[in-house]
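Structure record follows, encoded as structure tokens.
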Amino acid sequence: GLFFLSLLIGTHETLAIYMGTFFWELSPQQIGLLIISNIIGFGLGFMVTAKLHQKFDKPIIIVISVIGLTIFWSAAVNLRLFGLAPENGSMELIIFIIALGSVASVSGSVLNISVMSALADIADEHELNTGVRQEGVFYAARSLFSKTSSGIGHFVTGIALTYIEFPKQSLPGEIPSEIIYNLGLVDGPFAMIWGLIAVFFYARYKITKESHAEIKEKL
């Protein structure tokens, strides 16, 4: 699941400057404003995650947050592909992207906190089964695998840009509309594929509050 989630993240991160400059035709100042979605999203994510963990089991939270991240990170682009986004370069477009991006950021924040918390639960289960506590190994392995997978995501996206024949040297407004549309397909539906596959694997995580309580009691 982490592998495909990292492919999703790597794809969007690689395309961010292309999307802002060529797909949305934003100025550097306008692109800078998009960071607001991360500020809003991460702040809200930290605020609500603990409450969500009190009310719901982590497997449900993880799956829903992966779905939310996958859908809303590509939502603005997908809506533009259907002709439902504000005009390029407009302030309405900035608000539009920030609003949808904030939901994605909330989902990503909740997901990251929940997964790191779930690793501690997995470490408890592993200790119960083996008698060995390896929490540090789990966290280190996740960090290394995440970075490696994200790098693969950058590589795959580079191949996709080559496939759609995106020009290496060009200015906003000068690229053929069909190539801009294909760029949107890569950042939209193509990127979503990795997230939806990740959902399948994360759904296999089954440690609930009840089962974890049993594990703690046995420990």
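Exactly one of these conditions fails for residue 69: (1) of a type outside the set (Phe, Trp, Tyr); (2) part of a helix (DSSP H, G or I); (3) open to solvent by less than 50 Å² (accessible area, probe 1.4 Å); (4) under 19 Å from residue 18 (Cα atoms). Give me its number.
Unmet condition: (4).
Among residues belonging to the stretch 2-42 that are of a type in the set (Ser, Thr, Tyr) and buried (at least 16 other Cβ atoms within 10 Å of the Cβ), point out the one that is farthest from residue 195 (Cα to Cα).
Applying the first criterion (of a type in the set (Ser, Thr, Tyr)) to the stretch 2-42 yields 6, 11, 14, 18, 21, 27, 37.
If we keep only those that are buried (at least 16 other Cβ atoms within 10 Å of the Cβ) too, we end up with 6, 11, 14, 18, 21, 37.
Values: 6: 9, 11: 11, 14: 16, 18: 21, 21: 24, 37: 20 Å.
Across the stretch 2-42, the extreme among qualifying residues is 21.
Has the stretch 61-69 got at least one residue that is in contact with a Ser or Thr (Cβ under 9 Å, 6 or more places away or on another chain) and among the polar types (S, T, N, Q)?
Initial filter on the stretch 61-69 (in contact with a Ser or Thr (Cβ under 9 Å, 6 or more places away or on another chain)): 61-62, 64-69.
Those still in the list that are among the polar types (S, T, N, Q) too: 65.
Checking the stretch 61-69: at least one residue is in contact with a Ser or Thr (Cβ under 9 Å, 6 or more places away or on another chain) and among the polar types (S, T, N, Q).
Evaluate the stretch 77-88: report whether one residue or more is open to solvent by less than 30 Å² (accessible area, probe 1.4 Å), free of Cβ contacts under 8 Å to residues at least 40 places away in the same chain and not in a helix (DSSP H, G or I).
Scanning the stretch 77-88 turns up at least one residue that is open to solvent by less than 30 Å² (accessible area, probe 1.4 Å), free of Cβ contacts under 8 Å to residues at least 40 places away in the same chain and not in a helix (DSSP H, G or I).
Mind checking which residues of the stretch 22-38 are farther than 20 Å from residue 181 by Cα and either free of Cβ contacts under 8 Å to residues at least 24 places away in the same chain or of a type in the set (S, T, N, Q) (or both)? It would help to see each step written out before you state the result.
Going residue by residue through the stretch 22-38, those that are farther than 20 Å from residue 181 by Cα are 28-30, 32-38.
Matches in the stretch 22-38: 28, 29, 30, 32, 35, 37, 38.
I need every pair where a residue in the stretch 45-67 that is farther than 20 Å from residue 195 by Cβ has its Cβ under 8 Å from the Cβ of a residue that is surrounded by 17 or more Cβ atoms within 10 Å (Cβ to Cβ) and of a type in the set (A, V, I, L, M, F, W, C), sequence separation at least 6 or different chains.
Every condition considered, the pairs that remain are 46/113; 48/106; 48/110; 53/61.
Is there a residue being polar (S, T, N, Q), part of a helix (DSSP H, G or I), open to solvent by 40 Å² or more (accessible area, probe 1.4 Å) and at pLDDT below 85 anywhere in the stretch 140-149? Give the derivation first.
First, pick out the residues of the stretch 140-149 that are polar (S, T, N, Q): 143, 146, 148-149.
With the extra rule that they be part of a helix (DSSP H, G or I), the set shrinks to 143, 146, 148-149.
From what is left, the residues that are open to solvent by 40 Å² or more (accessible area, probe 1.4 Å) are 143, 148.
Then drop every residue that is not at pLDDT below 85, which leaves 143, 148.
Checking the stretch 140-149: at least one residue is polar (S, T, N, Q), part of a helix (DSSP H, G or I), open to solvent by 40 Å² or more (accessible area, probe 1.4 Å) and at pLDDT below 85.
What are the residues in the stretch 166-201 that are touching a residue at least 12 places away in the same chain (Cβ under 8 Å), of a type in the set (A, V, I, L, M) and either touching a strand residue (DSSP E or B) at 6+ places or on another chain (Cβ under 8 Å) or under 20 Å from residue 21 (Cα atoms) (or both), if any?
175, 179, 180, 183, 185, 186, 191, listed by residue number.
Just checking, does the stretch 100-109 include any residue being buried (at least 22 other Cβ atoms within 10 Å of the Cβ), within 13 Å of residue 23 (Cα to Cα) and touching a residue at least 24 places away in the same chain (Cβ under 8 Å)?
No, the stretch 100-109 has no match at all.
Tell me which residues, restricted to the stretch 8-43, are outside any helix (DSSP H, G or I) and polar (S, T, N, Q). Give the derivation first.
Step one: list which residues in the stretch 8-43 are outside any helix (DSSP H, G or I), which gives 24-27, 34.
If the condition is that a residue be outside any helix (DSSP H, G or I) and polar (S, T, N, Q), then 27 is the only one that fits.
What about residue 104, is it within 15 Å of the chain's Cα centre (by Cα) and within 25 Å of residue 180 (Cα to Cα)?
On the way: within 15 Å of the chain's Cα centre (by Cα): yes; within 25 Å of residue 180 (Cα to Cα): yes.
Spelling it out, residue 104 is indeed within 15 Å of the chain's Cα centre (by Cα) and within 25 Å of residue 180 (Cα to Cα).
The values are calculated or read from the model by the stated rules, or taken from the named source; none is laboratory data. As the structure is a prediction and not an experimental result, all values here were calculated from the model. Because the Cβ atoms are built from the backbone with ideal geometry, glycine has one as well, and the counts that use them run over all protein chains shown. Please note that ligands, DNA and RNA were not included when accessible areas were found on the heavy atoms of the full protein model with its side chains. Shrake-Rupley method; radii C 1.70, N 1.55, O 1.52, S 1.80 Å.
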